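Read the figures in this text as sums done on the coordinates, not as results from a lab. Note that this is a predicted model, so its numbers are computed, not measured. Note: ideal-geometry Cβ built from the backbone for every residue, glycine included; neighbour counts use all protein chains shown.
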Amino acid sequence: MRILIADDHTLLRQGLKQILADEFQNVEFGEAGTSQQTIDLLATQRWDVLLLDINMPGRNGLEVLRETRDRYPALAVLVLSSAPEEQLAVRVLKAGAAGYLNKQAAPEELVEAIKKVHSGGRYVGTRLGEKLAAELSRPHPRPQEQLSDREFQVMQQLAGGKSLKEIADDLSLSIKTISTFRGRILEKLKLQNNVELAHFAREHGLMEH
């Protein structure tokens, strides 16, 4: 099995490698610390499983996930995140991830998740499965679920204190376009300004690094 570990924390990558090397025989690892390194390694080598941190330096993790699913549909992608499960799980699963795992999960759960997605299945833990079932039964979606992936990305950057120009440069879009996104985000979330937006993101566990 060939596993690409994409996470910007070296110690975490080493820990994941140790856990998986102890469990699986004849496993080979690759490591990426940024979104661009992940894209480059996917393009130059064959992988069976991608462990993808959804928040890495560079391109938004959701964009990397969607591009990966489009280019390599046979690749099993297990998303890792430190954000509360109910905030991102539905979004990443809809974007094509084979599974979602919180970074605080036990090593045994990581191993189980790898086995599941590598065999072609989809993985959500018991606790997350219960939460997803509860979410699906909600009569009204959470406000943030109304945001498109791009709006969600811009929301996170605005909440993190970035200016319109910084976000525009980061996403290769015009300031006018980012301003339009900001207006839509505030309207959908029923907020007045960036201060309220930052508070909302912190309260709901939606902040990036």
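The table below lists the values:
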{"quantity": "Tyr72-Gln146 FRET efficiency (beta carbon distance; Förster radius 30 Å; 0.05 resolution)", "calculated": "0.50"}
{"quantity": "Angle between the chain longest axis and helix 35-44 axis [Cα atoms, degrees, rounded to 10]", "calculated": "40"}
{"quantity": "Degrees, to the nearest 10: 61-71 long Cα axis against longest axis of the chain", "calculated": "60"}
{"quantity": "Distance (nanometres) between label positions extended 7 Å along Cα→Cβ at Thr180 and Leu41", "calculated": "3.7"}
{"quantity": "Eligible lysines near Lys176 by straight Cα distance, threshold 22 Å, same-chain separation 8 or greater", "calculated": "Lys162, Lys165, Lys188, Lys190"}
{"quantity": "The chain, relative contact order [Cα under 8 Å, separation at least 6], %", "calculated": "16"}
{"quantity": "Centroid-to-centroid separation of the stretch 38-102 and the stretch 140-167 [C-alpha atoms, Å]", "calculated": "19"}
{"quantity": "Low-density loop cleavage sites - trypsin sites (Lys or Arg not before Pro) in the stretch 69-108, where at most 16 other Cβ are within 10 Å (DSSP)", "calculated": "Lys103"}
{"quantity": "Set of aspartates and glutamates near Lys94 by C-alpha distance (under 15 Å), chain-local residues within fewer than 8 positions excluded", "calculated": "Glu63, Glu67, Asp70, Glu85, Glu86, Glu135, Glu145, Asp149"}
{"quantity": "Theoretical ellipticity at 222 nm over the chain - DSSP helices of four or more residues, -39500 (n - 2.57) apiece, nearest 500", "calculated": "-16500 deg cm²/dmol"}
{"quantity": "Pair Leu173, Gln104: separation of 7 Å Cα→Cβ label points (nm)", "calculated": "3.1"}
{"quantity": "Spatially proximal aspartates and glutamates relative to Lys115 (Cα-Cα < 19 Å; intrachain offsets below 8 disregarded)", "calculated": "Asp22, Glu23, Glu28, Asp48, Asp53"}
{"quantity": "Helix 194-203 vs. the chain, principal-axis angle (Cα, 0 to 90°, nearest 10)", "calculated": "40"}
{"quantity": "Option label - Cα extents along the principal axes in Å computed here, alternatives (i) 54, 38, 29; (ii) 59, 49, 35; (iii) 48, 36, 33", "calculated": "(i)"}
